[in-house]
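**Q** One structure follows; several queries about it will come next.
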Amino acid sequence: MCGIVGYIGKQQAAPILMDGLGKLSYRGYDSAGIAVMDCDNVIHVRKAKGKLENLTGLVHTAPVAGMAGIGHTRWATHGEPSDLNAHPHTDVKGGIAVVHNGIIENHESLRHYLTAKGAVFVSQTDTEVIAHLLKHLYCGDMKQTLLKALPMLEGSYALGVLCDEEPGVLYCARNDSPLVLGERQGECFLASDIPALLPHTRDVIFLEDKEIARLDESGISVFDGYGNASHHDFFHVDWDVNSAEKGGYAHYMLKEIHEEPEAVQRTFSPRHGKAAGMYEWLPMSREEVNRLGKISIVACGTAYHAGMIGKYAIEKLARLPVEVDIASEYRYREPLVGENELFIAISQSGETADTLAALREAKRRGARVMAVCNVLGSTMAREVGDANTLYTYAGPEIAVASTKAYSTQVEMMIMLAIALGDLRGTLGRQQADQLLSELAALPDKMELTLQTEAQMQRFASTASQKKHVFFVGRGLDFALSMEAALKLKEVSYIFSEAYAAGELKHGPIALLKPGRLVVATITQSALLEKTLSNLREVTARGAMVLAICRESLAERVQGSVAEIITIPDTDDLLAPMLATIPLQLFAYCMAVARGCDVDKPRNLAKSVTVE
């Protein structure tokens with residue numbers, strides 16, 4: 001979601017803040033701004049609606065000088081995107097400036113209270129309330145003021161604060177919204193995500209909930225919610241900053257699709273090669289696995305779709321009942337948590353607010369919890385512990401629409417299904433070894449699958465102006481179709497929907513007409529004839545079918561569809577991992593052909609840190 005940066009040190013703050021905002025722009029935003037304190041302790045604010053280039057132009061024409069500052073890219077929640085609603089926000093006199101990620105749920109009551117005390121509000125945002133509240137409570141010490149103010153805020157927040165009465169100091173605090181801090185030789189940095197800090201330092205601190213930090217030339221001091229000093233070890237970031245650059249590709253999304261073979265290899269290799277039947281990476285003993293009575297998988301968006309494939313795989317191989325829930329619904333249905341239940345949360349960022357809330361609810365109800373996550377040191381990883389986190393080593397994912405993270409999540413779900421099945425004795429050792437061998441061969445087959453890009457570009461050039469697209473499949477292919485439909489919606493803005501192919505005649509077939517585009521995934525050999533029967537119903541009504549099909553099935557599919565894109569053969573269970581590549585390329589090529597901003601789709605954020 002929104003991005004926060006902050007700097008205090010020996011250099012001019014504005015260029016560092018602007019560079020940091022650029023590093024965080026992938027998260028999604030609709031306005032941006034910075035606040036810098038000059039040598040006379042006056043805070044100057046510059047902010048602008050729209051792209052970061054608008055703010056860059058404003059800072060160029062009206063420069064701000066100073067060695068301490070905060071910056072923000074906003075994704076609108078309270079109030080429309082506008083210059084006034086953009087962050088930073090200040091109190092009436094402009095002596096306190098605040099940037100904020102999250103949502104203050106009681107902002108209306110605080111607004112009424114502060115208005116009665118003389119505050120004058122100029123924006124529609126919940127964030128402006130914080131600036132006025134800090135001014136109202138200010139006692140000459142911003143740390144003490146924050147200790148008074150934060151308990152009055154209901155909701156989530158990551159804050160960066162400048163105060164003209166405390167030059168040379170930058171404050172921050174967090175609750176349910178991430179903040180990362182770094183320092184080097186008299187300089188301190190803060191940000192809502194690691195990429196903004198990498199040009200300056202690789203050693204970072206992750207602020208915990210309810211904590212406050214003071215940043216000055218002597219370094220970083222962290223305090224708990226009672227004002228007591230809190231010790232933090234620095235975490236070393238070992239991935240290369242260049243992996244967050246485009247590397248010659250037209251868009252991050254395309255680069256990240258091409259990185260999927262490597263990401264899948266990185267996720268698999270550390271967990272393979274041990275003795276047969278040994279799953280040291282799984283934080284459960286054979287006895288614990290055999291006591292399991294149920295698994296719940298909870299996630300949002302793309303991660304939810306990975307969980308759906310996990311359900312198919314675990315039930316097939318481990319013969320355990322699996323429920324998959326949308327995280328935003330989980331808490332509100334009074335979930336039944338059994339004594340021997342395993343709860344698995346899936347999140348690329350490890351900061352997804354709804355998934356974190358569901359995880360906490362499951363823990364409260366007594367479930368054994370694990371996480372599948374791509375970010376070391378994330379809130380989710382810290383809450384369950386590294387031992388209970390199955391890391392996907394996809395590397396940094398910059399494009400808003402997830403691609404390589406999704407592939408590694410699916411891979412992790414299949415690896416988990418194999419391990420559980422082997423340990424429970426529901427999957428024969430020979431079959432387990434065969435599946436692991438197929439997984440080991442998958443990166444090379446994914447490289448071959450990437451060669452479908454040219455064919456997909458040609459197809460998209462003629463189909464890109466379609467207004468509606470249906471995705472269909474059966475079994476695992478239906479789960480994959482759900483993700484394919486989401487990907488097309490996200491980046492091309494084409495209305496798309498996924499259906500189990502057998503459900504077409506139960507209503508959706510009424511929407512088919514000549515020229516309608518239907519994308520069918522056909523990877524499950526046991527369901528081939530059933531799927532073809534459904535597709536004949538589609539083509540009989542004049543719809544055009546694009547099929548993503550395994551090579552060994554292509555001859556039987558030929559003649560039933562308008563065009564076929566083939567993928568290499570592999571086990572039925574793993575085939576969706578290959579089929580996802582042409583489906584992602586389909587979404588990408590359609591979006592490019594339509595002139596869309598592929599990496600930064602409108603209204604979307606990379607990490608959704610508010611409910």
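The values are calculated or read from the model by the stated rules, or taken from the named source; none is laboratory data. In this text, all values refer to a predicted model and were calculated from it rather than measured experimentally. Because the Cβ atoms are built from the backbone with ideal geometry, glycine has one as well, and the counts that use them run over all protein chains shown. For the accessible areas, the whole protein counts, side chains as well, though only heavy atoms, and no ligand, DNA or RNA atoms are used. Shrake-Rupley method; radii C 1.70, N 1.55, O 1.52, S 1.80 Å.
**Q** Are any residues in region 311-346 free of Cβ contacts under 8 Å to residues at least 40 places away in the same chain and touching an Asp or Glu at 6+ places or on another chain (Cβ under 6 Å), and if so, which ones?
**A** V322, A327, R331
**Q** Tell me, please, whether a residue that is open to solvent by 60 Å² or more (accessible area, probe 1.4 Å), hydroxyl-bearing (S, T, Y), over 25 Å from S533 (Cα atoms) and over 27 Å from the mean Cα position of the chain (by Cα) can be found in region 461-474.
**A** yes
Here's the yes/no breakdown for (1) surrounded by 23 or more Cβ atoms within 10 Å (Cβ to Cβ); (2) more than 25 Å from A357 (Cα to Cα):
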position	(1), (2)
P270	no, yes
M278	no, yes
L282	no, no
E287	no, yes
R291	no, yes
S296	yes, no
I309	yes, no
A313	yes, yes
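**Q** If you don't mind, another one. Kindly list the number of the only condition in (1) surrounded by 22 or more Cβ atoms within 10 Å (Cβ to Cβ); (2) more than 26 Å from D141 (Cα to Cα) that fails for H251.
**A** Of everything listed in (1) surrounded by 22 or more Cβ atoms within 10 Å (Cβ to Cβ); (2) more than 26 Å from D141 (Cα to Cα), H251 misses just condition (1).
**Q** Turning to a different aspect of this structure: Tally the residues that are among the polar types (S, T, N, Q), in a helix (DSSP H, G or I) and surrounded by 14 or more Cβ atoms within 10 Å (Cβ to Cβ), restricting the search to region 524-549.
**A** Adding up the residues that qualify gives 4.
**Q** If you don't mind, another one. Has region 494-504 got any residue that is touching a residue at least 40 places away in the same chain (Cβ under 8 Å) and buried (at least 17 other Cβ atoms within 10 Å of the Cβ)?
**A** Within region 494-504, one or more residues are touching a residue at least 40 places away in the same chain (Cβ under 8 Å) and buried (at least 17 other Cβ atoms within 10 Å of the Cβ).
**Q** Same structure, new question: With the condition kept exactly as written, say whether any residue in region 177-196 is over 24 Å from W75 (Cβ atoms), modelled with pLDDT under 95, in contact with a Pro (Cβ under 8 Å, 6 or more places away or on another chain) and not β-branched (V, I, T).
**A** No, region 177-196 contains no residue that is over 24 Å from W75 (Cβ atoms), modelled with pLDDT under 95, in contact with a Pro (Cβ under 8 Å, 6 or more places away or on another chain) and not β-branched (V, I, T).
**Q** Within region 1-49, how many residues turn out to be out of contact with any Cys (no Cβ under 7 Å at 6 or more places or on another chain) and either open to solvent by 20 Å² or more (accessible area, probe 1.4 Å) or β-branched (V, I, T) (or both)?
**A** Qualifying residue count for the region: 25.
**Q** Specify which of the listed residues (A405, A362, A358, A387) is part of a helix (DSSP H, G or I) and open to solvent by 10 Å² or more (accessible area, probe 1.4 Å).
**A** Just one listed residue meets the conditions, A387.
**Q** Within region 550-568, can one find any residue that is at pLDDT 95 or above and assigned to a loop (DSSP other than H, G, I, E, B)?
**A** The answer is yes, given that some residue of region 550-568 is at pLDDT 95 or above and assigned to a loop (DSSP other than H, G, I, E, B).
**Q** Answer with yes or no whether A62 is in contact with a helix residue (DSSP H, G or I) (Cβ under 8 Å, 6 or more places away or on another chain) and farther than 15 Å from A196 by Cβ.
**A** Here the answer is no, as A62 does not meet what is asked.
**Q** Go through (1) within 19 Å of L583 (Cβ to Cβ); (2) in contact with a helix residue (DSSP H, G or I) (Cβ under 9 Å, 6 or more places away or on another chain); (3) open to solvent by 20 Å² or more (accessible area, probe 1.4 Å) one by one and return the number of the condition T521 breaks.
**A** So T521 meets the others, but not (3).
**Q** How many residues, within region 312-361, are among the hydrophobic types (A, V, I, L, M, F, W, C) and either over 10 Å from V298 (Cα atoms) or in contact with a Pro (Cβ under 6 Å, 6 or more places away or on another chain) (or both)?
**A** Residues meeting the conditions: 11.
**Q** Regarding region 170-189, can at least one residue be identified that is of a type in the set (S, T, Y), part of a loop (DSSP other than H, G, I, E, B) and farther than 22 Å from G9 by Cβ?
**A** Yes - at least one qualifying residue is present in region 170-189.
**Q** Out of all the residues in region 208-241, which are under 29 Å from G395 (Cα atoms), open to solvent by 30 Å² or more (accessible area, probe 1.4 Å) and among the aliphatic types (A, V, I, L, M)?
**A** I220, V241
**Q** If I go through region 126-168 residue by residue, how many of them are out of contact with any His (no Cβ under 9 Å at 6 or more places or on another chain) and open to solvent by less than 10 Å² (accessible area, probe 1.4 Å)?
**A** Number satisfying all stated conditions: 8.
**Q** I've got another one for you. Here are some residues: A484, A520. Which one is of a type in the set (A, V, I, L, M, F, W, C) and not in a strand (DSSP E or B)?
**A** A484 is the lone residue from the list that is of a type in the set (A, V, I, L, M, F, W, C) and not in a strand (DSSP E or B).
**Q** Looking at Y332, is it among the hydroxyl-bearing types (S, T, Y), open to solvent by 60 Å² or more (accessible area, probe 1.4 Å) and modelled with pLDDT of 95 or more?
**A** no
**Q** In region 280-295, is there at least one residue being over 30 Å from L181 (Cβ atoms) and in a strand (DSSP E or B)?
**A** Within region 280-295, one or more residues are over 30 Å from L181 (Cβ atoms) and in a strand (DSSP E or B).
**Q** Can you work out which of the residues in region 587-596 that are of a type in the set (A, V, I, L, M, F, W, C) and in a helix (DSSP H, G or I) is nearest to the chain's Cα centre (by Cα)?
**A** The extreme case among them is A587.
**Q** Could you check, for region 123-146, whether at least one of its residues is of a type outside the set (K, R), over 23 Å from G66 (Cβ atoms) and without any contact (Cβ under 8 Å) to a residue 12 or more places away in the chain?
**A** Yes, region 123-146 contains at least one residue that is of a type outside the set (K, R), over 23 Å from G66 (Cβ atoms) and without any contact (Cβ under 8 Å) to a residue 12 or more places away in the chain.
To keep it simple, each residue is scored yes or no on (1) free of Cβ contacts under 8 Å to residues at least 60 places away in the same chain; (2) under 24 Å from S269 (Cβ atoms); (3) not aliphatic (A, V, I, L, M).
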{"site": "P443", "(1), (2), (3)": "no, yes, yes"}
{"site": "T452", "(1), (2), (3)": "no, no, yes"}
{"site": "R458", "(1), (2), (3)": "yes, no, yes"}
{"site": "A463", "(1), (2), (3)": "no, no, no"}
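**Q** Any idea how many residues of region 364-390 are within 14 Å of the chain's Cα centre (by Cα) and of a type outside the set (A, V, I, L, M)?
**A** Final tally of qualifying residues: 4.
**Q** Does region 192-207 contain at least one residue that is open to solvent by 70 Å² or more (accessible area, probe 1.4 Å), at negative phi and in a loop (DSSP other than H, G, I, E, B)?
**A** Yes: region 192-207 contains one or more residues that are open to solvent by 70 Å² or more (accessible area, probe 1.4 Å), at negative phi and in a loop (DSSP other than H, G, I, E, B).
**Q** Inside region 553-586, can you point out the residues that are within 25 Å of the chain's Cα centre (by Cα), under 14 Å from S525 (Cβ atoms) and of a type in the set (S, T, Y)?
**A** none
**Q** May I ask you to verify whether D422 is within 18 Å of L282 (Cα to Cα), over 29 Å from the mean Cα position of the chain (by Cα) and surrounded by 21 or more Cβ atoms within 10 Å (Cβ to Cβ)?
**A** yes
**Q** Regarding region 205-225, can at least one residue be identified that is polar (S, T, N, Q) and touching a residue at least 40 places away in the same chain (Cβ under 8 Å)?
**A** no
**Q** With respect to L442, is the statement that it is open to solvent by 40 Å² or more (accessible area, probe 1.4 Å), at pLDDT 95 or above and not basic (K, R) true?
**A** For L442, the condition - open to solvent by 40 Å² or more (accessible area, probe 1.4 Å), at pLDDT 95 or above and not basic (K, R) - is not met.
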